Amino acid sequence: YIVDVVFPEMNKVLVTPIDWSEFLVFIGLWMAIGTTKGCQRSDFWSSHEPSGFRGAPFRLNDFMSRFRFDQIVLALVYTDDPEPPYTDRFHPINKLVSAWNDNMSDVFAPGWITCLDESMSPWLSRYTCPGFMFVPRKPHPFGNEWHTIGCGLSKVIFQLELVKGK
């Protein structure tokens, strides 16, 4: 799906096309950035030495330039479907979620213990989150709600459904 749908759509915008290895580096950098809090994304490409008191705790310049990282962020799309004639706040990810579920049905065999769950994808601003919900019974009550089913043995989520609200 990434190679067949996401890359062609991204490469329509990118001056230098993205390939699989560069995409994996990009995902790894996002994961590294996601392990920290209290700093801006630009801090990871700062020319100042890392400090425990200011900015990001490490630098990512050796892996990808900030300019390239920002280009990929701006070009990243998850569908090649045209916009529907009606308002669908989740149009950009519907095909991705469907592809995930189809792929997991084909390649994953869950164990005998499965767990259904209502999970929250935390989000703080209702103005920037499509489908923002407040679910007071959750530890992180603000964001998007997902119905998920996971394998109790491997701890892999193998089916997702986004709760789209009313």
- [ ] Enter the accessible area of F63 (Å², nearest 10), with the probe set to 1.4 Å and all protein chains included.
- [x] 130 Å²
Open item on the list: With every protein chain kept in place and ligands, DNA and RNA left out, what is the accessible area per residue of the chain? Probe 1.4 Å, answer in Å².
Closed with: 68 Å²
Task: Pairwise label distance in nanometres, E9 with F108, each label 7 Å out on the Cα-Cβ vector - done: 2.1 nm
Task: Angstrom value of the Kirkwood radius, inverse mean 1/r, which spans all Cα pairs in segment 64-164 - done: 15.8 Å
Open item on the list: What's the magnitude of the charge dipole for segment 8-166 around its Cα centre, counting Lys and Arg as +1 and Asp and Glu as -1 at the beta-carbon? Answer in Debye, nearest 20.
Closed with: 680 debye
- [ ] Just the number, please: carbon plus sulfur as a percent of the accessible area of segment 1-110, 1.4 Å probe, no ligands or DNA/RNA counted.
- [x] 58 percent
Open item on the list: I'd like the accessible area for L24: 1.4 Å probe, protein heavy atoms, all chains in place, Å² to the nearest 10.
Closed with: 90 Å²
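What shape does segment 1-129 take by its C-alpha gyration tensor, where a ≥ b ≥ c are the square roots of the eigenvalues and a/c under 1.5 counts as rounded, a/b above b/c as prolate, and the rest as oblate? Walk me through the numbers before you get to the answer.
Working: a/c = 1.72, a/b = 1.41, b/c = 1.22.
Prolate, since a/c reaches 1.5 and a/b exceeds b/c.
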- [ ] Give me the distance between the Cα centres of segment 107-166 and segment 1-68, rounded to whole Å.
- [x] 26 Å
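Using Cα-Cα distances under 8 Å and only pairs 6 or more residues apart, what relative contact order does the chain have, in percent?
Numbers: 207 pairs, mean separation 28.2, N = 166.
Answer for the chain is 17 percent.
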TODO: List every DSSP H helix in the chain whose Cα atoms extend 18 Å or more along the helix's own long axis and whose mean Kyte-Doolittle hydropathy is at least 0.0.
DONE: 20-33
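Would you calculate, for the chain, the mean residue ellipticity at 222 nm contributed by helices, counting each DSSP H stretch of 4 or more residues as -39,500 (n - 2.57) and dividing by all residues, to the nearest 500? Walk me through the intermediate numbers first.
Values: 4 runs with 46 residues, N = 166.
The helix contribution divided over the chain gives -8500 deg cm²/dmol.
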Open item on the list: How far apart, in nanometres, would the label points at R126 and K138 be if each is projected 7 angstrom from Cα along the Cα-to-Cβ direction?
Closed with: 1.4 nm
TODO: With a/c under 1.5 counting as rounded, go ahead and sort segment 96-149 into rounded, prolate or oblate using the C-alpha gyration tensor (a ≥ b ≥ c being the square roots of the eigenvalues; past the cut-off, prolate if a/b is larger than b/c, else oblate).
DONE: oblate
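The values are calculated or read from the model by the stated rules, or taken from the named source; none is laboratory data. Since this is a predicted model, take the numbers as computed values, not measurements. Cβ coordinates were reconstructed from backbone atoms using ideal geometry, including for glycine residues, and neighbour counts include every protein chain displayed. Just the protein is used for accessible areas: all its heavy atoms, side chains included, with ligands, DNA and RNA removed. Shrake-Rupley method; radii C 1.70, N 1.55, O 1.52, S 1.80 Å.
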